[in-house]
1. So, in region 25-55, of the ones that are farther than 22 Å from Thr367 by Cβ and polar (S, T, N, Q), which residue ends up farthest from the ligand (Cβ to nearest atom)?
2. Here's a check for you: in region 291-318, which residue that is more than 10 Å from the ligand (Cβ to nearest atom) and part of a strand (DSSP E or B) is surrounded by the fewest Cβ atoms within 10 Å (Cβ to Cβ)?
3. For Gln103, state whether it is within 14 Å of the ligand (Cβ to nearest atom) and touching a Pro at 6+ places or on another chain (Cβ under 7 Å).
4. Please tell me if Ala135 is closer than 21 Å to Ala24 by Cα, more than 10 Å from the ligand (Cβ to nearest atom) and surrounded by fewer than 16 Cβ atoms within 10 Å (Cβ to Cβ).
5. Go through region 1-24 and report how many residues are of a type outside the set (Ser, Thr, Tyr) and near the ligand (Cβ under 8 Å from one of its atoms).
6. Among the listed residues Val205, Val195, identify the single one that is touching a strand residue (DSSP E or B) at 6+ places or on another chain (Cβ under 6 Å) and hydrophobic (A, V, I, L, M, F, W, C).
7. When the residues of region 24-41 are filtered to those that are outside any loop (DSSP other than H, G, I, E, B) and in contact with a Ser or Thr (Cβ under 7 Å, 6 or more places away or on another chain), which remaining residue is modelled with the lowest pLDDT?
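The values are calculated or read from the model by the stated rules, or taken from the named source; none is laboratory data. Because the structure is a prediction, the values reported are computed rather than measured. Note that each Cβ is placed from the backbone with ideal geometry, even for glycine, and that neighbours are counted across all protein chains shown.
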Amino acid sequence: MGFGNKRIALIGGGLGGISFANAALYAGLENIQLYEQAPEFTEVGAGVNITKNANVILDAYGLKDAMRWKSSHEPPCYMEYRNFKTGEVFGQIDEFGNPSSRQIHRAHLLEVMKERVPQSTLNTGKRLTGIEWDAASKEYSISFQDGTVAAADIIIGCDGIKSAVRAHLGFADHPNYSGQMIYRGYVEYSDLSPVAAKELRKTVVYRGKQRHILTLPIGNEESKTARVGVIGFMTEPLEDWVSESWMAKAPVDKLAEHVEGWAPTVQEIIEGLRLNAERGPDKGLILKQALYVRDPIPKWYQVQKGEVGSGIILLGDSAHSTLPHQGQGTCMAIESGVALATILKNWEGDNLEDAFAFYQSIRKPRTDKVTKTSAEAGKLASADVPEGTSQDFNPEALRERMKWIMNYDVLKDVYEKGADFFEGSEKREGLIQAQL
Ligand SMILES: Cc1cc2nc3c(=O)[nH]c(=O)nc-3n(C[C@H](O)[C@H](O)[C@H](O)COP(=O)(O)OP(=O)(O)OC[C@H]3O[C@@H](n4cnc5c(N)ncnc54)[C@H](O)[C@@H]3O)c2cc1C
């Protein structure tokens, strides 16, 4: 039975929404429409790291070649840690096996994930303003700022950390300021000395006291997409922050002040950011964002009373935002997408509440744990310990504590735990076996 014939509205076309659109194609949900508020699909930031647990899913969608065309190709390790001042290497985290992590410009990842989604399902300029249940036609009526209205049986809120769908479900909680501002930009390899360019061909953390710089070797030479993505995590009081949107621009000098006296490569990074910022339209400015996260909530969904097949559910940052210190926000949205689409398509009965409850029972323990451990990882990365930047920091231990994230096969979990709810689920393979 399942919900394959239901009209599904996705609200939000960020990496979470677009990844669900792919999951729907993969699982065979045909009746979906995606509504994004922006006039076009776009992503800002400084590149993103997509790890093994999510890459197995994207590869199963058939996106491997397209993604690898614009992503890094097997950097020598997962992450290298260096002393902020001397630049000395503390140690490194090795990769977690194949497929290894891929670093890619956010806009390129969005392009790749849009490639297979039919244009007819993608709607831009659609800012959600209201959701109402229409008792006469037994469907949700979704209103947009441009005055248009759409109908759906199931609504999936992929509208990010400030989700309007989440507010509609009655969660009046406020996101928590993490204590850090993030500065984001790019450096061209050609703006670096050969020594620094070589050092930054891998993911590197310069670990300072309550601050760190993370660099990602995004893209590759072949497709002319190779650049260094730079994210500076800097402890700053929120009082200094004036932008309501949490995202604004700041002079490169603001970041430079935080890292005065840091290692020579860090100074080259600052100079590279400056050169790039000067060339761009924002003359000397880079992105600055207050880093927020929400506490986990008890329930991600609501079903329409008296209607077994209609309901609203959250996915991605709207449901399970996390600090980025294990590179998992997008990866969790990708995992959640394939889990939800598979459950909706293959559910044996017709009770949506049961299907949503099963979905949440699979996903929430994992995303709650990722949220908790990512906050802990942030303290380790920014040396939030009394001794500051002590050398007794053990990357191997960090690798151990992340293995459970990377070596996870979400569909295997769904099929194993869903054996009672899916016809033939015991015969299905998880993603990792299917690709061996
Ligand atoms: C500094 C930093 C680094 C990160 N690095 C990584 C990383 O390396 N790896 C990783 O996996 N994750 C990373 N993340 C996390 C990742 O960016 C997010 O988890 C991910 O983008 C969430 O996707 P989303 O689609 O749920 O939300 P968003 O990306 O916020 O997308 C929400 C979409 O909904 C739209 N929208 C909002 N409101 C409405 C409305 N009312 N109507 C219609 N549309 C609406 C928005 O325009 C947007 O397009 C990082 C995050 C940060 C801050």
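1. Here the residue is Asn31.
2. Gln302
3. Taking the combined requirement at face value, the residue satisfies it.
4. Spelling it out, it is not the case that Ala135 is closer than 21 Å to Ala24 by Cα, more than 10 Å from the ligand (Cβ to nearest atom) and surrounded by fewer than 16 Cβ atoms within 10 Å (Cβ to Cβ).
5. 8
6. Exactly one of Val205, Val195 is touching a strand residue (DSSP E or B) at 6+ places or on another chain (Cβ under 6 Å) and hydrophobic (A, V, I, L, M, F, W, C), namely Val205.
7. Here the residue is Ala27.
Results for (1) more than 21 Å from Ile104 (Cα to Cα); (2) assigned to a helix (DSSP H, G or I); (3) modelled with pLDDT of 95 or more; (4) hydrophobic (A, V, I, L, M, F, W, C), shown as yes or no for each residue.
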site: Ile18; (1), (2), (3), (4): no, yes, yes, yes
site: Asn22; (1), (2), (3), (4): no, yes, yes, no
site: Glu43; (1), (2), (3), (4): no, no, no, no
site: Asn49; (1), (2), (3), (4): no, no, yes, no
